[in-house]
1. Taking the criterion of being closer than 23 Å to residue B:123 by Cβ, buried (at least 20 other Cβ atoms within 10 Å of the Cβ) and without any contact (Cβ under 8 Å) to a residue 60 or more places away in the chain, would at least one residue in the range B:230-245 satisfy it?
2. Looking for whichever is among the hydroxyl-bearing types (Ser, Thr, Tyr), open to solvent by 50 Å² or more (accessible area, probe 1.4 Å) and at negative phi here; the options are B:174, B:208. Which one fits?
3. Would you pick out the residues in the range B:213-229 that are open to solvent by less than 10 Å² (accessible area, probe 1.4 Å) and not hydrophobic (A, V, I, L, M, F, W, C)?
4. Taking the range B:82-136, which residues are at the interface with chain A (Cβ under 8 Å from one of its Cβ atoms), at pLDDT below 95 and either in contact with a His (Cβ under 9 Å, 6 or more places away or on another chain) or not in a loop (DSSP other than H, G, I, E, B) (or both)?
5. Report the residue count in the range B:188-205 for those that are open to solvent by less than 20 Å² (accessible area, probe 1.4 Å) and more than 14 Å from chain A (Cβ to nearest Cβ).
6. Quick one: which residue in B:225, B:218 is among the polar types (S, T, N, Q) and at pLDDT below 90?
7. Report every pair of residues separated by at least 6 positions or lying on different chains whose Cβ atoms are under 7 Å apart, first residue within the range B:275-291 and within 21 Å of residue B:232 (Cβ to Cβ) and in a helix (DSSP H, G or I), second among the aromatic types (Phe, Trp, Tyr) and modelled with pLDDT of 65 or more.
8. When you look at residue A:186, is it buried (at least 22 other Cβ atoms within 10 Å of the Cβ), aliphatic (A, V, I, L, M) and under 16 Å from residue A:88 (Cα atoms), yes or no?
Amino acid sequence: MYIAGVTQPATHPGIGAVRRATRLVLAPANAVLAEVGAHASLLMQALYWGLRPPYRVRLWIEAMDFVGTGSLFIVGLTGTFVGMVFGIQLVDGFRQFGAENQVGAVVGLALARELAPVFAALMVSSRAGSAMTTELGSMRVTDQIDALTTMAVHPVQYLVVPRLLAGLVMTPVLTMLFNLVGLAGAWLVCVQMLGLDPGVFLDKVRWYVDADDLGQGLLKAAVFGFTIALIACRHGFWASGGAAGVGRATNRAVVQSAVAILVLDYVVTSLVTGQGAP
Amino acid sequence: MANVANGARTARGLRPVRWLPGRPPPPDPDPDGPVHVAVRDLVKRYGDHEVLRGVSFDVLRGRINVIIGASGSGKTVLVRQVIRLERPDAGRIVVDGRDIAALDERALGPIRRKFGMVFQMSALFDSMTVYDNVAFPLREHTRMPERQIRERVLDRLAALGVEQAVAKLPAELSGGMRKRVAVARALVLEPQILIFDEPTTGLDPLTSRSVDELIVRTVERFGVTAVVISHDMASVFGIADHIHYLHRGRIELSGPPSVFLETDNESALAFLRASGVSPEALRRAAGRAAG
């Protein structure tokens with residue numbers, strides 16, 4: 001407290017320097033924690049408002065249509081080419097030690113467990129996730145989200161919940177599509193172009209790829225899809241700074257989603273297989 | 001300043017309310033009395049920056065209450081607290097006798113339905129047509145059949161003179177039309193209090209005056225209480241029943257427009273003169289009008 005006429009104790013200049021240095025050192029950790037906190041806060045709100053009526057089924061279906069139907073072409077296209085490339089590489093590699101009849105098994109397992117969920121999620125992130133951030137960000141900077149609030153419509157319930165649900169449900173569906181077209185692409189290259197026996201190829205797929213492998217992939221896809229939507233909504237929902245701010249938010253959302261997919265891929269794989277955990 | 005004698009309209013049975021920073025705020029009003037919303041000692045901080053430093057004022061029922069102040073004085077922040085888009089750090093906001101300052105989101109739902117807000121840039125949903133924008137609150141909050149919704153929407157749009165734009169998207173409308181549609185949307189659930197955030201900003205003078213007329217006609221026709229944030233002084237003295245001057249996070253001066261013509265509050269006078277308004281000239285004009 002300042003008292004007139006009483007000399008205040010001076011702060012040692014060194015203390016200020018230490019404070020600044022500490023703030024500087026802790027800034028990255030602080031930023032990470034703030035980011036995690038923002039996501040957790042939005043997630044909690046979404047869970048709370050998602051369980052409360054009204055249930056806007058029409059909005060859920062629209063969001064699923066946007067994430068799912070809207071991504072069919074891009075997921076189908078990338079799935080086909082990933083399968084074809086993988087087929088070429090495996091035939092080329094396995095021929096060196098005469099194991100090309102195992103190509104069907106490896107393609108099937110790799111697609112089901114890893115390639116399909118990761119690539120489908122990356123496609124969903126770059127197409128639907130970025131669009132979610134841009135749309136919500138534009139709504140935020142033009143006061144449309146505040147307008148919802150003033151009309152007594154909770155914006156998390158109206159805007160975020162349907163998108164999270166769409167990410168959670170539709171990314172596994174797109175992953176199944178990726179599995180199918182990826183396998184078809186690999187079959188085309190391996191059997192039609194590189195001369196593998198079609199019966200052996202398909203038999204190895206049937207023999208080695210079981211429901212657990214597909215389940216692992218679908219579990220990953222659900223985790224990725226939900227995370228992508230959460231990251232996209234968090235950045236759009238709290239965007240600021242006009243058009244440039246929306247651009248920055250979209251950029252951050254896409255980068256964070258891609259990193260999150262790869263990190264979560266390791267985490268889920270480790271948990272499911274019980275290996276690789278510290 | 002043709003409407004400088006608005007003070008006469010304001011004076012209909014209403015005593016000017018004036019208090020200065022440092023004095024204790026007046027007690028909470030009677031819920032059925034002339035005060036619709038009472039704000040008491042409202043404080044809002046962003047980090048170390050205290051934007052509102054103990055704001056107290058009354059919003060008079062059925063009147064046009066205008067909040068003026070320089071850019072950055074906290075007008076929009078103040079109104080965001082009043083409608084509880086943000087939670088104030090301290091103070092009370094008493095709406096119809098109930099303090100809403102600390103209510104949670106669930107409890108705020110019915111309170112928010114008492115308010116309608118027209119944002120500065122109108123905030124129409126750009127993916128919906130004009131019709132769907134205005135129908136939106138009805139579809140969310142009522143079980144009206146679509147035929148009845150259509151009747152209500154077309155009635156509101158016709159009352160505001162934009163019924164011809166019913167099938168258009170907001171991007172296809174002019175600024176003035178967007179404002180009218182936003183008013184129609186804000187009115188469709190029949191709120192008691194209508195808030196306008198800088199309604200004439202970015203509009204040309206003619207459109208600005210038509211928006212002023214729109215506010216006056218809306219209050220008269222629908223009997224709502226209006227809160228208008230503005231620093232367009234031509235507009236303020238044209239429509240206000242009651243003016244609150246916000247300066248450095250506090251209400252420095254409150255009262256009907258006539259109070260501002262007689263004030264010796266230096267910051268209010270400086271603000272008026274900087275806005276191109278000369279209280280002396282206004283007094284002379286008022287005298288000529290009375291004579």
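1. Yes - at least one qualifying residue is present in the range B:230-245.
2. Details: B:208 fails: open to solvent by 50 Å² or more (accessible area, probe 1.4 Å).
Going through B:174, B:208 in turn, the sole match is B:174.
3. If the condition is that a residue be open to solvent by less than 10 Å² (accessible area, probe 1.4 Å) and not hydrophobic (A, V, I, L, M, F, W, C), then B:218, B:225 are the ones that fit.
4. Correct list: B:105, B:108, B:109, B:110, B:112, B:113, B:115, B:116, B:117.
5. Residues meeting the conditions: 1.
6. Numbers: B:225 fails: at pLDDT below 90.
Just one listed residue meets the conditions, B:218.
7. B:279/B:260
8. Numbers: buried (at least 22 other Cβ atoms within 10 Å of the Cβ): yes; aliphatic (A, V, I, L, M): yes; under 16 Å from residue A:88 (Cα atoms): yes.
The answer is yes for residue A:186.
The values are calculated or read from the model by the stated rules, or taken from the named source; none is laboratory data. Values in this document were obtained by computation on a predicted structure and should not be read as measured data. Virtual Cβ from ideal backbone geometry, glycine too; neighbours counted across all protein chains shown. Ligands, DNA and RNA are stripped out before the accessible areas are found, and what is left, the full protein with its side chains, is counted by its heavy atoms. Shrake-Rupley method; radii C 1.70, N 1.55, O 1.52, S 1.80 Å.
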